[in-house]
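The values are calculated or read from the model by the stated rules, or taken from the named source; none is laboratory data. Quantities reported herein were computed from a predicted structural model and do not represent experimental measurements. Glycine also receives a Cβ, built like all others from the backbone with ideal geometry; neighbour counts cover every protein chain displayed.
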Amino acid sequence: MDLLDTTREAFRLLFSGDPTLWGIVWVSIKVSVLALILAGPLAVAVGFVLAHVAFPGRRLLVILVQAFQSFPTVVVGLLLYLLLSRQGPLGALHLLFTQPAMILGQMVIAFPVLAAYTLTAVQGADPRAHETAASLGAGRPRAAMTTLWEVRFGVMAAVFMGFGRIISEIGCSLMVGGNIAGLTRNIPTAIALETSKGEFAQGVALGIVLIVLALAVNVTLAAVQGQGGMRRAWQP
Amino acid sequence: MAAVIEVTALARSWGGRPVLRIPQLVLDAGSSYVLSGDNGAGKSTLLRILAGLQPAQVERFAFEGNLLQLDRLPAPVRRQIGFVHQHPYMFSSSALTNVEYGLRVRGIPRNRRERLAHEALAWAGMAELADAPAQRLSGGEQQRVALARVKVLSPRVYLLDEPTANLDADGRRRVIDLIAQLAAADKVVVIACHDLEMINLPGVVRLHLENGRLEP
């Protein structure tokens, strides 16, 4: 099958609503979105605290969070595999080769990205925002939420960057998900599998979905940041 | 006159160098104070310390006669102290929502909150700009929104940091008129500035800071 035929077949699979293909897409989106929802609040809180609160060891934590953004996903997968395997300390949970294991892995991968981008956003916030909230009677949590709202475009960028990192990662999903059809097979693991079997059409179709997702995330991010940055003259 | 704030032995250092050293400061109800002094004399620092925004060493701090830790003021006391920055920060919302902020924090129901905020904006001469994005208002308009935002909460103490700095003549005039209206029998108004017109307002007590010390 040449490239043209492969692409034609890929589009046929996409537009015919092929249940296997769209099932794989659904697993990818479900796992990544749930990982973001579960890791997001704590990661954003950690990013805020690191940017805003002085305490011993803060600088070391900032360096660690920033360094862990580029931690190899396959190593995250390996460590989780050791924890979740039958002989591992969390083996009794029987999570290995399940979607919750993939979600857990993607939470670990997304966490430093979310925290680091939130940290940068809060560091860029006007310090008067928090002071104003506090002087108007807001307690610490409320003043923190107000500051995060003031830098919401930066926090949204953190979420999009986190999504971009986990939707396309393969190492961890393969290690702890096991690429089980209809259960833990997501876009990256399916592309790798289909290609290794010589079945290029589904791989190309899934690749197209992944590219569209990545582009959509970046276009949305650019639009959101543009909205936050543009200052048009206000007319009464 | 009853003292609202009493501070004894307040000191603040920066990089080992003392920037404020005040043996005693008493702020009475019904009084307005102008805190004058050169740039760097410590005016803003003193206001920020009293607002609980900056730490300092304080031997004794009393609010309405109650001895308290200045860096750990209970919320009800903290909410009695209103502070306005030299360049007030406007939240990225309308002028009305900015004025509503402190009321929302206090759990005031929406209808009452909106009515009070509209009244405060009308007091500041900003009724027509209630729905304008606050961050796009001029410096003078933002200062007036900030005054409305703090007045609507009716705190016992107003701490205003250089409220007329960088304003044009008209903006200055309007802000001074509003500040003059803040003074009341049970209130304390402290204004850090070197605006002669403000310093010479009738009934205002002048406190002069020189190298971090209050001069008579």
**Study point:** Residue match in the range A:132-146 (condition: in contact with a helix residue (DSSP H, G or I) (Cβ under 9 Å, 6 or more places away or on another chain), within 11 Å of another protein chain (Cβ to nearest Cβ) and closer than 14 Å to A:Val53 by Cα)
**Key:** yes
**Study point:** Selection from the range B:109-155 of residues that are free of Cβ contacts under 8 Å to residues at least 12 places away in the same chain and touching a helix residue (DSSP H, G or I) at 6+ places or on another chain (Cβ under 7 Å)
**Key:** B:Ala127
Check your understanding: Going through the range A:108-131 one residue at a time, which ones are buried (at least 23 other Cβ atoms within 10 Å of the Cβ), of a type in the set (A, V, I, L, M) and away from chain B (no Cβ under 14 Å)?
Key -> A:Ile109, A:Ala110, A:Val113, A:Leu114, A:Ala115, A:Ala116, A:Leu119, A:Val122
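Yes/no per residue for (1) under 16 Å from the mean Cα position of the chain (by Cα); (2) under 20 Å from B:Trp123 (Cα atoms); (3) not basic (Lys, Arg):
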{"site": "B:Gly139", "(1), (2), (3)": "no, yes, yes"}
{"site": "B:Val157", "(1), (2), (3)": "yes, yes, yes"}
{"site": "B:Val175", "(1), (2), (3)": "yes, yes, yes"}
{"site": "B:Asn200", "(1), (2), (3)": "no, no, yes"}
{"site": "B:Asn211", "(1), (2), (3)": "no, no, yes"}
Exercise for review: Inspect all residues belonging to the range B:163-174 and state whether any of them is modelled with pLDDT of 95 or more and either in contact with a Gly (Cβ under 9 Å, 6 or more places away or on another chain) or of a type in the set (Gly, Ala, Ser) (or both).
Suggested key: no
Practice item. Go through (1) more than 15 Å from the chain's Cα centre (by Cα); (2) within 14 Å of chain A (Cβ to nearest Cβ) and name the single condition B:Gly65 misses. Key: (2)
Point to revise | Filtered residue count, the range B:128-168, keeping only those that are within 19 Å of A:Ser135 (Cα to Cα), surrounded by fewer than 20 Cβ atoms within 10 Å (Cβ to Cβ) and touching a Phe, Trp or Tyr at 6+ places or on another chain (Cβ under 6 Å) | key: 0
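Any idea which residue in the range B:68-88 is nearest to B:Gly139 (Cα to Cα), counting only those that are at the interface with chain A (Cβ under 10 Å from one of its Cβ atoms) and without any contact (Cβ under 8 Å) to a residue 40 or more places away in the chain? Let's see the steps before the verdict.
We begin by selecting, within the range B:68-88, every residue at the interface with chain A (Cβ under 10 Å from one of its Cβ atoms); these are B:75-76, B:78-88.
Restricting the remaining residues to those that are without any contact (Cβ under 8 Å) to a residue 40 or more places away in the chain gives B:75-76, B:78.
Working: B:Ala75: 30, B:Pro76: 31, B:Arg78: 27 Å.
Out of the qualifying residues, it is B:Arg78.
Test B:Gly107 against the criterion of being more than 8 Å from chain A (Cβ to nearest Cβ), at pLDDT below 95 and over 17 Å from B:Val188 (Cα atoms), and give yes or no. Don't jump to the end; show me each part of the working.
Numbers: more than 8 Å from chain A (Cβ to nearest Cβ): yes; at pLDDT below 95: no; over 17 Å from B:Val188 (Cα atoms): yes.
Spelling it out, it is not the case that B:Gly107 is more than 8 Å from chain A (Cβ to nearest Cβ), at pLDDT below 95 and over 17 Å from B:Val188 (Cα atoms).
Mind checking whether some residue in the range A:156-167 is in a helix (DSSP H, G or I), within 14 Å of chain B (Cβ to nearest Cβ) and under 15 Å from the mean Cα position of the chain (by Cα)? So that I can check it myself, show each step before the final result.
We begin by selecting, within the range A:156-167, every residue in a helix (DSSP H, G or I); these are A:156-167.
Filter again for within 14 Å of chain B (Cβ to nearest Cβ), leaving A:156.
Subset that is under 15 Å from the mean Cα position of the chain (by Cα): A:156.
Yes, the conditions are met somewhere in the range A:156-167.
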Check your understanding: Which condition number in (1) free of Cβ contacts under 8 Å to residues at least 40 places away in the same chain; (2) in contact with a helix residue (DSSP H, G or I) (Cβ under 8 Å, 6 or more places away or on another chain); (3) closer than 21 Å to B:Asn39 by Cβ is the one that B:Leu159 fails?
Key -> (1)
Revision key, fill the gap. Across (1) surrounded by fewer than 20 Cβ atoms within 10 Å (Cβ to Cβ); (2) within 9 Å of another protein chain (Cβ to nearest Cβ); (3) over 16 Å from B:Gln143 (Cβ atoms), B:Gly102 clears everything bar (1)
Point to revise | Residues of the range B:36-57 satisfying the condition of being surrounded by fewer than 19 Cβ atoms within 10 Å (Cβ to Cβ) and either more than 14 Å from chain A (Cβ to nearest Cβ) or of a type in the set (A, V, I, L, M) (or both) | key: B:Asp38, B:Asn39, B:Gly40, B:Gln57
Practice item. From B:Gly171, B:Gly125, grab the single residue that is away from chain A (no Cβ under 13 Å) and surrounded by fewer than 17 Cβ atoms within 10 Å (Cβ to Cβ). Key: B:Gly125
**Study point:** Elements of type helices (runs of 4 or more DSSP H) in the range A:1-89, at least 2 residues being touching a residue at least 60 places away in the same chain (Cβ under 8 Å) and under 20 Å from A:Gly124 (Cα atoms)
**Key:** A:19-52
